[in-house]
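The values are calculated or read from the model by the stated rules, or taken from the named source; none is laboratory data. What you are looking at is a predicted structure, and each value in this text was computed from that prediction instead of being measured. Note that we place each Cβ from the backbone using ideal geometry, even for glycine, and neighbour counts take in every protein chain shown. Quick note on the areas: whole protein, heavy atoms, side chains included, nothing else; ligands and nucleic acids left out. Shrake-Rupley method; radii C 1.70, N 1.55, O 1.52, S 1.80 Å.
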Amino acid sequence: MKVIKDPGTFTILTPKAELRKQLLRIERAGRTCYRSQTGKISEDSARDFVAMLLKRGHESVIEHSSMTVKFMKVSRGFTHEIVRHRLASFSQESTRYVDYARSGDTTTLDLDSMEIHAVTPPHRDETEKIALDNGEQISLTEMLSTVESYYRGLRKAGWNPEDARQILPIGLEAHIVVTANFREWRHIFALRTSKPAHWEIRSVLGKLLKEVQHIVPGVFDDFKVAGKDANGVEYVEQSF
Ligand SMILES: Cc1cc2nc3c(=O)[nH]c(=O)nc-3n(C[C@H](O)[C@H](O)[C@H](O)COP(=O)(O)OP(=O)(O)OC[C@H]3O[C@@H](n4cnc5c(N)ncnc54)[C@H](O)[C@@H]3O)c2cc1C
């Protein structure tokens, strides 16, 4: 059992230069609405133009864009939440086809040394003993190891991954690739970096938000860090 305490990570798969170029495309598209394509379009003019569109609520123009992000070391809880965003596209690691008992080369079945990786709350001590109904004291790490041993038992008994996965926890590590246009990303950030959002998705998307604010100025500038929750995880609010 491997416990992942650090919040998940991500890689923006769309090259930065391509993301910046999309701003120019948005300005070109938007100026069609106003027949105002006079001067030369540049990164500076596009940033100001996009900011103007957003202030007016003319958000459909920023749909002429696309950003793909790969999230890693997140939990199945995270992926359950992000796939609710219906205007995005997803490719998610499968618990039916990924066999946790196969080593790196995926050819060798190794049920004895297989490990399950689980994301745990960074603000909780995973070694703290918790009293169960039967009086036993057991930590989160031990609980997860027990689940791992159940999974191993099912596999040794001949159950295939798609049947044995029913015992796996929601904290199970997962990878997912998400593609959406800037409008949908704005919507995802608005819901998932706000105070009521779950700490895991809020923490990971908060970091992604900061990076994209830097890469594509103008598109996400109205999102501002507004404070931290009781666990020290930042939350964001929108204001121009
Ligand atoms: C803090 C929090 C708690 C949550 N708790 C729960 C919960 O307990 N149970 C639960 O089931 N879900 C829960 N959710 C998920 C939530 O209900 C939404 O499914 C999720 O946030 C996606 O939001 P969305 O539908 O606005 O966005 P998207 O699917 O990304 O859609 C973007 C926008 O497109 C438009 N749109 C998309 N599809 C349609 C449509 N069919 N008809 C009309 N307009 C459409 C809407 O304007 C929508 O806002 C929670 C979400 C958050 C942020």
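Per-structure values
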item	result
Listed pairs Lys129/Lys195; Lys73/Lys207; Lys40/Lys224; Lys129/Lys228; Lys55/Lys228 exceeding 23 Å between Cα atoms	Lys129/Lys195; Lys40/Lys224; Lys129/Lys228; Lys55/Lys228
Contact order relative to length of the chain, as percent, for alpha carbon pairs under 8 angstrom and 6 or more apart	27 percent
Amide H contacts under 5 Å for His175, placed H, 5+ residues apart	Glu93
The chain - percent of accessible surface contributed by carbon and sulfur, probe 1.4 Å	50 percent
Theoretical ellipticity at 222 nm over the chain - DSSP helices of four or more residues, -39500 (n - 2.57) apiece, nearest 500	-11500 deg cm²/dmol
Estimated vicinal HN-Hα couplings, Hz - segment 40-50 in sequence order (Karplus 6.51, -1.76, 1.60; Gly, Pro = x)	7, 7, 9, 4, 5, 5, 5, 4, 5, 5, 5
Distant-in-sequence amide H partners of Ile4 (H built 1.01 Å from N, under 5 Å)	Ala118, Val119, Thr120
Under Karplus coefficients 6.51, -1.76 and 1.60, residue-wise ³J(HN,Hα) of segment 206-217 in Hz, glycine/proline x	x, 5, 5, 4, 4, 5, 6, 4, 6, 6, 10, x
Segment 178-240, relative contact order in percent, only Cα pairs under 8 angstrom and at least six apart counted	32 percent
For Thr127, solvent-accessible area (1.4 Å; no DNA, RNA or ligand), Å²	80 Å²
Share antiparallel - DSSP beta bridges, the chain, percent rounded to 5	90 percent
Calculated FRET value between Arg20 and Met72, using beta carbons and R₀ = 41 Å, to 0.05	0.95
Rounded Å value of the spacing that divides the Cα centres of segment 28-107 and segment 211-240	17 Å
Ile138-Arg84 FRET efficiency (beta carbon distance; Förster radius 30 Å; 0.05 resolution)	0.35
Spin-label pair Glu128/Tyr150, simplified geometry with 7 Å Cα→Cβ offset, distance in nm	2.3 nm
Segment Ile167-Met1, length gained on full extension (0.36 nm per residue, minus Cα span)	58.3 nm
